[in-house]
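Let me begin by presenting the structure, written as structure tokens, before commenting on it.
The values are calculated or read from the model by the stated rules, or taken from the named source; none is laboratory data. Predicted model only: the values in this text are computed from it and were never measured. No Cβ is skipped: glycine too gets one built from the backbone with ideal geometry, and neighbour counts run over all protein chains shown.
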Ligand SMILES: C[S@@+](CC[C@H](N)C(=O)[O-])C[C@H]1O[C@@H](n2cnc3c(N)ncnc32)[C@H](O)[C@@H]1O
């Protein structure tokens, strides 16, 4: 990577390309892993999913997971009774998830490829929104959080996990990742609280937590760096405020009404990016069209790709 690219501001198209290559490189590995089996056999993975579920509390309406990648955690949650809609800028990751769910005979979450800065959903559709280790990949946090708030119902819940900027080991890794071509950043707890409050969220709570790392993550680390990975995990468990991660819990103001709780009708909630125009599927062209306009979007094996070119 050139110094020019390294210095360049983060860019959504570049991030999409990076994630696409990354996920396609590991395609066979993803397809070989049953997320539900991993949930049963890997205590650290189980702890991550349970932490997200606890953060959401019980939730009967549709849950939007932003930046879900290959949707491992969301797939497990779907089997455990949640109604998940997983979105990512990288449709290749969603497609791998769809294939994997089919292969292992699991209940399928719904998928939509989108840019989180312009969510293609109507206002107030979701009972909850999660962003797990993905907000720091975005270009404009304020815009993404305002979009998350827009698509939440009154009283809806928000849950996020993000890296902690106080963590010196994490910060050193960010320099390396910048050279690899991805946006890796982290947040100070107060910075996250300010971002959420500025976007309009209520009851914002940010806290540090330590979590064991799943075995497969350790196996992905080159052998010469495993000692550092283990040390990092141990420090995170002992000093979560510095070496752990951050979790964010918040709500949209208002009371959640029971009205519409069962309404997780997928196509009915789709809109043009940013939420203003309804979309309909045109079977002749096999594309999603903005009602009353020419603009249209592709479909990848049943996954709407609602991203403006
Ligand atoms: C580190 S992954 C997080 C994956 C998953 N949530 C997890 O916990 O394992 C970050 C994800 O954010 C996605 N992403 C980055 N920019 C995005 C954007 N503008 N809109 C939607 N997703 C985006 C990436 O494609 C990637 O899949």
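Could you pull out the residue among 136, 118 that is farther than 28 Å from residue 214 by Cα, within 11 Å of the ligand (Cβ to nearest atom) and surrounded by fewer than 23 Cβ atoms within 10 Å (Cβ to Cβ)? Being farther than 28 Å from residue 214 by Cα, within 11 Å of the ligand (Cβ to nearest atom) and surrounded by fewer than 23 Cβ atoms within 10 Å (Cβ to Cβ) holds for just one of 136, 118, which is 118. Taking the listed residues 67, 57, 72, the one that is in contact with a strand residue (DSSP E or B) (Cβ under 7 Å, 6 or more places away or on another chain) and within 13 Å of the ligand (Cβ to nearest atom) is 67, with no other qualifying. Considering segment 193-209, and only residues there that are touching a helix residue (DSSP H, G or I) at 6+ places or on another chain (Cβ under 7 Å) and buried (at least 17 other Cβ atoms within 10 Å of the Cβ), the residue that is nearest to residue 44 (Cα to Cα) turns out to be 208. Residue check, residue 99 against (1) farther than 19 Å from residue 204 by Cα; (2) within 15 Å of the ligand (Cβ to nearest atom); (3) out of contact with any strand residue (DSSP E or B) (no Cβ under 9 Å at 6 or more places or on another chain), all met but one. Which one? Exception for residue 99: condition (2). Tallying residues that are over 15 Å from residue 72 (Cβ atoms) and within 14 Å of the ligand (Cβ to nearest atom) within segment 23-54 yields 2. Inclusion of residue 161 among residues that are within 16 Å of the ligand (Cβ to nearest atom) and touching a helix residue (DSSP H, G or I) at 6+ places or on another chain (Cβ under 7 Å) is not warranted.
Of all residues being more than 30 Å from residue 232 (Cα to Cα) and in contact (Cβ under 8 Å) with a residue 60 or more places away in the chain in segment 122-143, which is nearest to the chain's Cα centre (by Cα)? Just the residue, please. Here the answer is 128.
Can you tell me which residue among 155, 93, 81 is touching a residue at least 60 places away in the same chain (Cβ under 8 Å) and away from the ligand (no atom under 14 Å from the Cβ)?
Working: 93 fails: away from the ligand (no atom under 14 Å from the Cβ); 81 fails: touching a residue at least 60 places away in the same chain (Cβ under 8 Å).
Only one candidate qualifies: 155.
Would you mind stating whether residue 216 is in contact (Cβ under 8 Å) with a residue 40 or more places away in the chain, under 29 Å from residue 36 (Cβ atoms) and either away from the ligand (no atom under 14 Å from the Cβ) or over 19 Å from the mean Cα position of the chain (by Cα) (or both)? Answer is yes for this residue. Against the criterion of being more than 16 Å from the ligand (Cβ to nearest atom), at pLDDT 95 or above and touching a strand residue (DSSP E or B) at 6+ places or on another chain (Cβ under 6 Å), residue 148 does not qualify.
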